[in-house]
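Report on one structure; see the data block that follows.
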Amino acid sequence: MQFGQVATIGAILLIVAGTAMADQLLNPKMPPSPEAYIADQNAGLDAVEASIAGLEGKKPLFAGVLHLAHGQIIAKMPLDVLIAYADALREAGVERVDIYTTQSAWPDKIPADIAKYDAVIAHIRQIGLKLGFDPTADPRTLKGGYAQWKPWAIAAYTEMARRYQPEKFSVMHEPTAMDMSLREKVSPATWAAFATQACAAIAAVSPHTVCTVAILPFERAEFDALIKVPAIKSIGFDIFGDGHDLINYDSSGLRHQIDELASMIKAARAAGKSLHIAETGRQIWDFMDLMAAASGAEKSHQSYQDYNIGDPRYIDLDERWFETMAHYAAAHEFDSIMLFRTTTFFAYSPAGTNTSLVSAGYIRGVAEAVTAHKRTGMFDTYRRVVDSHIRAQFARAHSVRIENRDVGRGARHRSSSVPDAEYSGRTSAQHPDCPLYRDCAFLTHPAAEQASRSPHSTLP
C-alpha cells in the first residue's frame with residue numbers, strides 16, 4: 001500500500017464519516033494476534049515457494065522507493081537526507097530508484113519542492129541508477145473528482161517526463177486507491193482511456209520511457225481493460241497478501257492472490273505485456289491512525305498498531321517476504337521487483353513508540369538513521385538477495401557460453417580466491433577475481449541485463 005493511498009483512505013472518511021461505511025473502515029477485520037499473523041504470512045510464503053519449485057527463471061531488476069522524497073513529505077525533508085537515502089539504496093544493490101510524487105508541485109509550480117527533486121534526481125543519475133515515477137493523487141488538493149484531476153495529472157506527468165527522462169513511469173497505480181482519492185468510482189474503460197492519453201503525452205517528450213500500470217490482484221476488471229491499451233508495455237502487480245480488499249485481514253490472503261495472479265500472468269502475456277512486481281511487502285494497517293484522526297473518532301479497540309511496519313518483531317518476516325517475492329519474480333521472468341517500504345533499511349522502532357509508516361515520529365527516526373548511516377538486517381537481506389541473483393545470472397551466462405563455445409569445464413570454472421562475504425552487495429563483475437572470468441565484460445555491459453530477460457521484457 002502506497003503512502004498516498006494511506007492518506008487517501010483517511011481522506012475518504014471526510015465524506016463517509018458517521019455512516020456504516022465509516023464504521024466498517026474504522027473497524028476492519030484484523031488478525032487474532034501477532035503470533036497468528038506471523039504464522040499465516042509464513043504459510044502464505046510457503047505456498048508461494050511451492051508454486052515456483054523447480055523454476056529457475058531470470059534475474060529481475062531490483063528497485064526501491066526513496067520514501068522520504070514522497071510528494072507529501074518532501075517539503076520538510078532536508079536535501080542532504082534525501083541524497084544520503086539514495087546513496088544507501090545504491091549500497092543495498094538497488095538498480096532503479098522510484099519516487100512517489102504528487103501532482104501538486106508541477107502544475108502549481110512549487111519551486112522549493114521542484115528544486116529538491118532536481119537535485120536528488122541529478123544525484124541519482126550521477127551515481128548510475130535508473131529512475132522510476134509512481135505518481136499518487138493527493139486527496140487534500142482535489143475537490144472536483146476525476147474531471148478536475150485528469151488534465152492536472154496529464155500536465156504534471158508530461159512535465160515530469162520532459163524534465164527527468166525516467167526509464168519507467170507508472171501512469172495508473174491501484175485504481176481502487178485512485179477512486180478513493182478522487183471520491184468517485186471511475187470505470188475501467190475510463191482508466192484505460194486515461195492511460196492511453198497519459199502514455200502518449202509522456203512518449204512525446206521522453207520516447208524511451210516505458211509506460212506501466214500497477215494493479216492489485218483483486219482489481220480484475222481494471223486489469224482486463226488496461227492490458228488492452230497498446231501504449232502500456234508492462235503490467236505491475238502490488239502484492240501485499242491482503243486478499244480481496246484493502247482493508248480486511250484474510251488469513252489466506254497471500255495464497256488467494258498468488259492463485260489469482262496465475263491467470264493474470266497468462267492473460268497479460270497473451271496481450272503482449274511484460275510483467276513486474278510494482279510493490280510488495282506484508283499487509284499493514286498504518287492508515288488507521290489517519291482514519292481515526294479524519295473521522296474524529298476514538299481509536300479502534302483493535303490493536304492495528306501491533307502490525308505497523310516499524311515494529312521490530314516482524315524483522316524476520318519482512319526479510320523472508322522480500323527474499324521469497326524476489327524468487328517469485330525471477331521464476332516468472334518478471335522485469336523487476338520493487339520493495340516498497342525501504343524505510344526498514346534504516347530503522348525499526350523500540351516498543352512503546354508509534355511505528356506507523358505515516359507517523360511523524362517514525363519518519364523522523366528514519367531520517368535520523370539515514371543521516372547516521374545506520375543499517376538494519378533488512379538492508380543486509382536485500383543486498384544479499386540482489387547479490388545472489390547476480391551470481392546466479394553470471395553462472396547461467398557462464399554455463400551457456402561454455403556450451404556454445406565447447407570450452408572445457410575445468411578451464412572455465414575456477415574457484416574464487418576471495419570469500420563472497422568480502423564483496424557482499426557488489427555485483428559479480430566487481431569481484432576482485434573478475435579478470436579470471438572472461439564473461440565479466442558481458443555482465444558489466446548494459447546489454448547484459450537485457451540479454452537475461454524474458455522475450456516479453458520491456459522495462460529498461
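Where a number appears in this text, it was derived from the coordinates with a stated rule and is not lab data. Since this is a predicted model, take the numbers as computed values, not measurements. Note: ideal-geometry Cβ built from the backbone for every residue, glycine included; neighbour counts use all protein chains shown.
Computed quantities for the displayed model
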| read-out | value |
| --- | --- |
| Neighbour cut-off at most 12 other Cβ (10 Å), DSSP loop, trypsin sites (Lys or Arg not before Pro), the range 24-123 | LYS109 |
| Cross-link pairs beyond the 31 Å C-alpha cut-off, checked among LYS76/LYS130; LYS168/LYS374; LYS29/LYS228; LYS266/LYS374 | LYS29/LYS228; LYS266/LYS374 |
| Within the range 47-95, GluC sites (Glu not before Pro) in DSSP loop having at most 13 other beta-carbon neighbours inside 10 Å | GLU56 |
| Ranked ILE202, ILE73, criterion: other C-beta atoms within 10 Å, fewest first | ILE73, ILE202 |
| Relative contact order, percent, the range 3-389 [alpha-carbon distance under 8 Å, six or more residues apart] | 22 |
| Rounded if a/c under 1.5, otherwise prolate or oblate - the range 3-389, Cα gyration tensor axes | rounded |
| Order of MET178, MET264 under a 10 Å beta carbon neighbour criterion, fewest first | MET264, MET178 |
| Neighbour-count order for LEU339, LEU55, LEU357, LEU182, fewest beta carbons within 10 angstrom listed first | LEU55, LEU182, LEU357, LEU339 |
| Proximal lysines relative to LYS185, as straight alpha-carbon distance under 18 Å, when same-chain residues fewer than 8 apart are discounted | LYS143, LYS150 |
